[in-house]
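Working notes for the structure below.
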């Protein structure tokens, strides 16, 4: 007679899903300093970061990546702040904006 075996989930095994949105937010934050790509990556980084934080907060047992999502959003917002301050305190903001698009 064949014996029935029971399958047990090992303690300590990771059952969390990868945090794709959080990783995308972090990647957008890292590459936001590339000229012209930042026009696309800043909004995407903020959107993906918010989605990653929402998933990590509502489903903490299954989704991970809260720190990566927060880091991605923080870097993107910091880029916006630096850009606004640079334009506000630059003696010739039009030249700075032209330089930003002609690199």
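The numbers here are math on the coordinates, done by the rules we state, and not lab data. Keep in mind that this is a model prediction, so the values were computed, not measured. We place every Cβ from the backbone using ideal geometry, glycine too, and count neighbours over all the protein chains shown.
Given an 8 Å cut-off on Cα distances and at least 6 residues of separation, report the relative contact order of region 20-101 as a percent. The normalised contact order for region 20-101 reaches 35 percent. Put a dot 7 Å past the Cα of residue 17, heading toward its Cβ, do the same for residue 51, and the two dots end up 1.2 nm apart. On full extension, the segment bounded by residue 100 and residue 61 gains 9.7 nm, given 0.36 nm per residue less the C-alpha separation.
Taking 0.36 nm per residue of separation and subtracting the Cα-Cα distance, full extension of the segment from residue 83 to residue 34 would add 16.3 nm.
Taking only the C-alpha atoms of region 20-101, the Rg (one decimal) and the largest Cα-Cα distance, Dmax (whole number), read 14.8, 52 Å.
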